[in-house]
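The values are calculated or read from the model by the stated rules, or taken from the named source; none is laboratory data. Nothing here was measured: the structure is a model prediction, and the numbers come from that model. Every residue, glycine among them, receives a Cβ derived from its backbone with ideal geometry; neighbour counts consider all protein chains shown.
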Amino acid sequence: ENRNIVKMYEYNIVSNKTAGCPVQYSNRALSEVFTKQGCAAGYVGSNVTFSVGAGLFTSATSQYDADIKAEAYLAANGQAAANSAACLVLYYNAAQSVPFTTHSCAVGQVPGTVTYTVAAGTYVSTVSQADADQMATDDVNANGQSYANSNAHKVCTVDHTPDWEADYPAQTQCQAVGGLNTGHILVQMTDVNPNSSTYNNIQLLDGGFNTSACPVSLMFSGAAPNLTTVGYSSKTGSGYITGTAGAVVKVTITLNSSDAGATLTGSVWGSSVNLSGSGNHSNTYNVTIPDSGYVSWSLTLTGTLGSPGYISSNISLSY
């Protein structure tokens, strides 16, 4: 067994000796695996099963004698038969190195990167290079992360940066500047990093832009111009948009006209307005409220109003 030699026997039933008639014994079936010898470096011998069929040898003496003849034949010819077979190419895996992030660091530590390596030649295949490389890949996938998490190899660096986490349920309030909402929501958070100088401190921190919970405060002054006198005329309107510094406001200017020659011109905080023609026309401008807290706008509406007819303008705000 230690040589990986396997013999298989097949038993034949022999009838009892009849008085006066000689008994003939036939060998049992026998098989053994032989490995081709004499392969060059980088190759390995293939395994060949050599068999001796039942009944190939007989004996008038005993069953043992018939089986010994079969074994002698197998020993004399099995290796030669295997040596006539082909040598198999040995394929060795290429080296593989894959980075993994440690997942076993304690609170207050920053995980680092650990490289798991399968050395070239760790795995061998007689099938193909791809098969040998896949064995190495399977090793990486099965063992890489646990290697990076192990106490012997994990990389964890002490971090002094505050780690702010929201309380649950979180207390919130809207951020306001000068009494006007900025659109940002403030969330009460606690520093949970034991290595931080502010560990266990509680602060209200910016939770981001959330106009559903904290609508931006906007005020609009002035009136968009409308023409009400039949015939040709022109009218100008101006005013201010007031809001929180830094807030981005969408200002939509609209011209509604039955006069193909109607025009609406002007500006919104440096952005030129130029609309014309009959029907409904509009442009939207993204305006950032400056530190002063307001922006100016000015519009001039010109056209020939018929009877019936309409020439009007509109300003709408959103965020």
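Exactly one residue among 313, 298, 271 is at pLDDT 95 or above, over 25 Å from residue 230 (Cβ atoms) and of a type outside the set (A, V, I, L, M), and that residue is 298.
Residues checked against (1) of a type in the set (Ser, Thr, Tyr); (2) in contact with a helix residue (DSSP H, G or I) (Cβ under 7 Å, 6 or more places away or on another chain); (3) under 30 Å from residue 92 (Cα atoms); (4) loosely packed, with under 14 Cβ neighbours inside 10 Å:
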position: 35; (1), (2), (3), (4): yes, yes, yes, no
position: 39; (1), (2), (3), (4): no, no, yes, no
position: 49; (1), (2), (3), (4): yes, no, yes, yes
position: 54; (1), (2), (3), (4): no, no, no, no
position: 60; (1), (2), (3), (4): no, no, no, yes
position: 64; (1), (2), (3), (4): yes, no, no, yes
position: 68; (1), (2), (3), (4): no, no, no, no
position: 74; (1), (2), (3), (4): no, no, no, no
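Within the stretch 226-262, being assigned to a loop (DSSP other than H, G, I, E, B), surrounded by 17 or more Cβ atoms within 10 Å (Cβ to Cβ) and not β-branched (Val, Ile, Thr) holds for 247, 259, 262. Taken over the stretch 153-199, the residue count meeting the criterion of being polar (S, T, N, Q) and free of Cβ contacts under 8 Å to residues at least 40 places away in the same chain is 8.
Among residues of the stretch 278-292 being touching a residue at least 40 places away in the same chain (Cβ under 8 Å) and crowded, with 17+ Cβ neighbours inside 10 Å, the one that is farthest from the chain's Cα centre (by Cα) is 289. Scanning the stretch 90-113 for residues that are in a strand (DSSP E or B) and either loosely packed, with under 15 Cβ neighbours inside 10 Å or of a type in the set (Phe, Trp, Tyr) (or both) gives 91, 92, 97, 99, 100, 101, 110, 113. Regarding the stretch 10-28, can at least one residue be identified that is at pLDDT 95 or above, farther than 30 Å from residue 144 by Cα and of a type in the set (A, V, I, L, M, F, W, C)? Checked the stretch 10-28: no residue is at pLDDT 95 or above, farther than 30 Å from residue 144 by Cα and of a type in the set (A, V, I, L, M, F, W, C).
With respect to (1) within 30 Å of residue 99 (Cα to Cα); (2) touching a His at 6+ places or on another chain (Cβ under 9 Å), the lone exception for residue 155 is condition (2). Just one of the numbered conditions (1) under 20 Å from residue 176 (Cβ atoms); (2) outside any loop (DSSP other than H, G, I, E, B); (3) touching a residue at least 40 places away in the same chain (Cβ under 8 Å); (4) not aromatic (Phe, Trp, Tyr) is not true of residue 219: (3).
Here are 241, 185, 253: which of them is at pLDDT 95 or above and of a type in the set (A, V, I, L, M)? So the residue among 241, 185, 253 that is at pLDDT 95 or above and of a type in the set (A, V, I, L, M) is 253.
For every residue, the table says whether it meets (1) of a type in the set (A, V, I, L, M); (2) in a helix (DSSP H, G or I).
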| position | (1), (2) |
| --- | --- |
| 44 | yes, no |
| 74 | yes, yes |
| 85 | yes, no |
| 88 | yes, no |
| 115 | no, no |
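When the residues of the stretch 124-168 are filtered to those that are touching a Phe, Trp or Tyr at 6+ places or on another chain (Cβ under 8 Å) and of a type in the set (Gly, Ala, Ser), which remaining residue is surrounded by the fewest Cβ atoms within 10 Å (Cβ to Cβ)? Out of the qualifying residues, it is 128.
Considering (1) assigned to a helix (DSSP H, G or I); (2) among the hydrophobic types (A, V, I, L, M, F, W, C); (3) closer than 28 Å to residue 32 by Cβ, the lone condition that residue 136 does not fulfil carries the number (3).
Kindly provide the set of residues from the stretch 42-58 that are over 20 Å from residue 84 (Cα atoms) and of a type in the set (S, T, N, Q), ordered by number. I'd like the intermediate steps shown before the answer.
First pass over the stretch 42-58, keeping only residues over 20 Å from residue 84 (Cα atoms): 53-58.
Answer for the stretch 42-58, where residues must be over 20 Å from residue 84 (Cα atoms) and of a type in the set (S, T, N, Q): just 58.
Within the stretch 223-240, none of the residues are over 30 Å from residue 281 (Cβ atoms) and either of a type outside the set (Gly, Ala, Ser) or in contact with a His (Cβ under 8 Å, 6 or more places away or on another chain) (or both).
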